[in-house]
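Every number here is computed from the coordinates shown, using simple stated rules; none is lab data. Fair warning: this is a prediction, and the values are worked out from it, not measured in the lab. Don't worry about glycine lacking a Cβ; one is built from the backbone with ideal geometry, like all the others, and counts go over all protein chains shown.
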Amino acid sequence: MSGRCRGGTLTVRILLVSDVHANLEALEACLAVIPEHDLLVNLGDVVGYNASPNEVCERLQAMKGLIVRGNHDRACSGLTDLNEFNPIAALSAYWTRNTLSPDNLEWLRELRPGPLRRDGLPGVEFVHGSPRDEDEYLLNPSAAEISLRLPNHLGRIFFGHTHVQGGFVLENGKTRPVALRFERSTGVAKLKVPLGSGARYLINPGSVGQPRDGDWRAAFALYDDSPGSVTFYRVPYELQQAQERIYAAGLPERLAVRLGHGR
Ligand code: ZN
């Protein structure tokens, strides 16, 4: 990782992707528009649900960066059984396990669980679910507040797992969601959110491959540590092609339909 020198201080831009979920079309659309950055961090769930697990593993292996293991990476590579999954997620995990090459299975098995930190990045931590549990869903301020009040909270924690772009902030004793209001646009949409220096944050870049916040477009984010901001992105992609791959693979129809609704 290299940073930039701005006004005498070293600053770092971190490209954050999460929950790609074997959606090659969504990943390619994001990679075509990613901004300049110093480090790539993937917050987990490389595979599961969608129909291009090998292609997505290989695309991500070719890019240098840090990857946190997700619960689907763990289950699809056979590290845990599938009892915790609903029937559709379990079906897709079985299909993924049988479709992955031996090399890609091995690569997934070796991904490290969070929380992960990186030398030279004080105050920053990367997790899949939450700092307490890689399977925990931080879906509302009361769930988030427990993690935001942990004594060892570093200030800026980046998480995935919920497939909901945004996150939570603890400021002046209160926890609230990080509100995102994108302008309506037909192309790539961007929204820059400044981060307060006295606040604690949990930031979710959103899901590349299966958004669940009502917006079908692929999501990612860029964190800039000086003065402290996150720019959230939404990127249209070849949705129909991703859906056709799901049908052709014989995966449940619901997985294709939900991509169109962003749910
Ligand atoms: Zn996920």
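A few comments on the model shown:
- Taking GluC sites (Glu not before Pro) in DSSP loop states with no more than 15 other Cβ atoms inside 10 Å as exposed sites, the chain has its longest site-free stretch at 111-182.
- Measuring r between the beta carbons of LEU91 and GLN240 and using R0 = 22 Å, the FRET efficiency lands at 0.50.
- Among beta bridges that DSSP assigns inside the chain, antiparallel share in %, nearest 5: 70
- Cα gyration tensor category, rounded, prolate or oblate, for the range 35-163 with a/c compared to 1.5: oblate
- Rel. contact order, % - alpha carbon contacts under 8 angstrom, at least six apart, the chain: 22
- The C-alpha atoms of the chain occupy a region whose extents along the principal axes are 53, 39, 35 Å, arranged from largest to smallest.
- Among ASP225, ASP215, ASP81, residue whose mean-square fluctuation peaks in a GNM of the chain (springs only between Cα atoms under 10 Å): ASP81
- Amide proton proximity set for LEU39, modelled H, under 5 Å, gap of 5+: ARG13, LEU15
- Efficiency of FRET from Cβ geometry, ILE34 and ALA62, R₀ 22 Å, rounded to 0.05: 0.95
- Interchain or long-range residues, amide H under 5 Å from SER130's placed H: ASP135, GLU136
- Placing unit charges on the Cβ atoms of the charged side chains and taking the dipole of the range 4-261 about its Cα centre, the candidate lying farthest along the positive direction among TYR237, THR175, ASN83 is THR175.
- Qualifying chymotrypsin sites (Phe, Trp or Tyr not before Pro) in the range 89-188, where qualification requires a DSSP coil assignment and no more than 15 other C-beta atoms within 10 Å, comprise TYR137, PHE182.
- Evaluating 6.51 cos²θ - 1.76 cosθ + 1.60 at θ = phi - 60° for every residue in the range 234-245, the Karplus couplings come out as 10, 10, x, 9, 6, 4, 4, 5, 5, 5, 4, 4 Hz, glycine and proline recorded as x.
- Comparing LEU150, LEU24, LEU40 in a Gaussian network model of the chain where C-alpha atoms under 10 Å apart are linked, the largest mean-square fluctuation is found at LEU150.
- Close amide H partners of PHE220, meaning residues 5 or more places away or on another chain with modelled amide H under 5 Å apart, are TYR233.
- Segment ARG184..LEU150, full-extension length gain: 8.5 nm, with 0.36 nm per residue of separation and the alpha-carbon distance subtracted.
- Rounded FRET efficiency, nearest 0.05, which uses the C-beta distance separating HIS261 from LEU139 and R0 of 25 Å: 0.90
- Computed from phi, the 3J(HN,Hα) profile of the range 87-93 under the Karplus parametrisation 6.51, -1.76, 1.60 (θ = phi - 60°) reads x, 6, 5, 5, 4, 5, 5 Hz, with x in place of Gly and Pro.
- Rounded to the nearest 20 debye, the dipole size of the range 4-261 about its Cα centre is 820 debye, using +1 on the Cβ of Lys and Arg and -1 on the Cβ of Asp and Glu.
- Value of [θ]222 nm, deg cm²/dmol, for the chain, DSSP H segments ≥ 4, -39500 (n - 2.57) each, nearest 500: -7500 deg cm²/dmol
- Under Karplus coefficients 6.51, -1.76 and 1.60, residue-wise ³J(HN,Hα) of the range 98-104 in Hz, glycine/proline x: 7, 9, 5, 5, x, 5, 5
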